[in-house]
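Everything below concerns the one structure shown next.
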Amino acid sequence: MKRRLSTFLLAAFLIFCAGAIFSIFSIWFFGAQMSRESLAAEARGRGIAEEIRALENERVDCDSIIRQTTSKSWDFERFDSEIEVHKDGSFTVRETQVVNFHGSFTFLTRDLTTQKAEFSEGRTFGGVRVSDIQVYELDGTPYERELWKVENHRGGCTVRIQFQAKDEQRGWIISYRMSGAMIYADDYDRLYWNAVSQNRSVPIKHARVTVQLPTGSDLEKVETTYYTYQNTQSLYPGQSASSGLEGELLWWEMENLHPYQVLTIDVAMPKGIVEVPFVHQMGFFFIMLAAAVSLFLAVLGYMMFIWYRRGRDERGTEQPLVSFLPPKELSPAALSFLVEQNSRMEELPITVVDLAVRGKLKIVELQDEKIPGQSKFRFIRKDSSEEGLLAHEREVMKGLFKNGDEVSEDELKLFETLIKILKEVKKEVKERKLFYDQDPEKVTGKYFWRGFSLAFFPSILLIILLASWIKLSSPYILLAGIIPAGIAVMVVGNSMPKRTAEGSRILGQALAFKEYLSTAERGELESMTVQNIQENLPYAMALGIAEEWARKFQGILVSQPDWYQGLGSSFSSTSLVSRLEAMSVLVVASAIPHSSSSGGMSHSSSFGGFGGGSSGGGFGGGGSSAG
């Protein structure tokens, strides 16, 4: 009991450590993945800048763009953005889009992107997310819900608005909330935002952007700038831009934006105006860690409790601490099942050796003629009588010698024999009533699948939820509790089959025999007969101490037994066990079935790395289209 309890505690500690390492690796891996996304966003931004430079060379003005298509065209009369920054670093964007349609149109799309901005100082927290999307008429009444929808895709979503318009002006208000798009630097926080759609083929006659900071913000300490072309405020002929402060509102205006041209605003705020979202703070990390530890300990405690109530073996008759004989009232294969509480393929070679020791067959080792230095095995039947054989032992003899009294390893095909043996060994254990649960494998299997389900399915759900939707790091630490908790269910569940008093008595004698082989002095061992020494070998194999048996009887068992014929004239117990292990591998392999393979307002900065942005380099932007 004490040994078992200490084993459980050690296993619990190792399981939790493994889970913690896995969790840390997950946080590192998804952090690296976010960094790669940031680099990809930077590359995409450079591509858009190239498009703008190409348009500069063409020097196309707004009126000429409209005249290019006489049958059907459209452009933005207004594209206004009202941005309200919240204390938690998220912000609500309310876009007023007034569109001139020339010809017949039935839809307008607005792509809202979740791509990262290009910046060198500071960091963001979590993935960029768009939520709470709504569409309104220009008077503020909700637009008919059946006429608009949101289509999610990799890198953001698309708002698609349905209508009927021909040679007229229409307008809508699109409202949404952005999370994960605030930049947190060491001495300032930054709103870096592409205020109009970036991927659009039409001009914008007028754009106005306003920013409302949280209540109580000291606007005198807030610094702003904007970008109209690359990292400058350069304007094309016929364009104008301005910015300023109106009460509690920061504002920017620009006239006649060319296709693909972007008005990007840049706002640096002193620390304290916005906060890091709670789910990304260190306090939340420790809450998740405490939850993981609590979950693991709760599941482990529950499993230990039900093991104490349902899984502890019933006490058998008192057994001596050591015994020089194994429990021979049980076959070696059945003893293996009793110890391991489930069927093992090794029961087949254990039974082969036991039958050889009892004079039923002989194991012969031969030189392999095809491969120099390699040996192969042959089995010879010495006694065809089934008297005194158990059911599984009869199956072994039938499987080995179904085609005659001699068989070589190349001719062995024991898969069906193995299935029958495992079934008969389990039946023998049931008939002896060594377990309260008649089929201990069903008990261990039940807890294995419960543990697997606990470790696997919540972990997959957590990874999908956090990586694809919320994109948080701290909750991954929950994996350090979920996965070890599932493993704890499997480990403790493996000890849930309860042995009866008889089963405990036999197990106690087997463990006493195992202890004897570990502690017995040479003088004690020399008193054993050669027959006893050989008869104990299959039981040593069942207990997993065949090598210990060989070392103990080195120099005592000096002659080759009559049931085994090896190569060469020299013999030792260690070489015998080594060759029998090779034979066991061969026999197990033969039982495995094989298949064939087939100009404006600008400030000098007091905020370290503030500035240095570019038109189109911020968060947001996206695109617009109509048809």
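The values are calculated or read from the model by the stated rules, or taken from the named source; none is laboratory data. What you see is a predicted model, and the numbers here were worked out from it, not measured in a lab. In this analysis, Cβ positions are derived from the backbone assuming ideal geometry, glycine residues included, and neighbour counts consider all displayed protein chains. Surface accessibility is based on the protein's heavy atoms, side chains included, excluding ligands, DNA and RNA. Shrake-Rupley method; radii C 1.70, N 1.55, O 1.52, S 1.80 Å.
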Kindly provide log₁₀ I(q)/I(0) values, in the same order as q = 0.22, 0.33 Å⁻¹, from the Debye equation applied to equal alpha-carbon scatterers of region 402-449.
-0.83, -1.13
Hey, got the Cα dimensions of region 110-230 along the principal axes, in Å, largest first?
51, 32, 31
May I ask for log10 I(q)/I(0) of region 344-475 at q = 0.09, 0.18 Å⁻¹, from a Debye sum over the Cα atoms as equal point scatterers with solvent left out?
-0.49, -1.02
Can you return the lysines within cross-link range of Lys166? Criterion is Cα-Cα under 21 Å, with same-chain partners fewer than 8 residues away left out.
Lys72, Lys205
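I'd like the trypsin sites (Lys or Arg not before Pro) in region 259-326 restricted to DSSP loop residues with at most 16 other Cβ atoms within 10 Å, sorted by number.
Answer by residue number: Lys271, Arg312, Arg315.
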Can you tell me the FRET efficiency between Lys370 and Arg310 if r is taken as the Cβ-Cβ distance and R0 is 41 Å, rounded to the nearest 0.05?
0.15
Could you pull the accessible area for Lys221 with a 1.4 Å probe, rounded to 10 Å²?
120 Å²
Using only the alpha carbons of region 314-407, determine the length spanned along each of the three principal axes and report them from longest to shortest in whole angstroms.
55, 33, 25
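Considering only DSSP states other than H, G, I, E and B, which chymotrypsin sites (Phe, Trp or Tyr not before Pro) in region 239-298 qualify as loop sites with at most 10 other Cβ atoms within 10 Å? Walk me through the numbers on the way to the answer.
Numbers: sites: Trp251, Trp252, Tyr260, Phe278, Phe284, Phe285, Phe286, Phe296; in loops: Tyr260.
Sites meeting the loop and neighbour criteria: none at all.
Where in region 325-388 are there GluC sites (Glu not before Pro) that are in a DSSP coil and have at most 13 other Cβ atoms within 10 angstrom of their Cβ?
On the way: sites: Glu329, Glu340, Glu346, Glu347, Glu365, Glu369, Glu386, Glu387; in loops: Glu329, Glu346, Glu369, Glu386, Glu387.
Loop-located and lightly packed - Glu329, Glu369, Glu386, Glu387.
So which of Lys376/Lys498; Lys149/Lys221; Lys382/Lys552; Lys398/Lys498 end up more than 32 Å apart by C-alpha?
Numbers: Lys376/Lys498 42 Å; Lys149/Lys221 41 Å; Lys382/Lys552 29 Å; Lys398/Lys498 34 Å.
Lys376/Lys498; Lys149/Lys221; Lys398/Lys498, as the Cα separations exceed 32 Å there.
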Considering only protein heavy atoms, what is the solvent-accessible area of Ile487 at a probe of 1.4 Å, reported in Å² to the nearest 10?
60 Å²
At a probe radius of 1.4 Å, what is the per-residue accessible area of Val274, in Å² to the nearest 10?
10 Å²
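Sorted by accessible area (1.4 Å probe), largest first, how do His102, His258, His280 line up? If you can, show how the numbers build up before the last one.
On the way: His102 75, His258 15, His280 40 Å².
My answer, sorted largest first, is His102, His280, His258.
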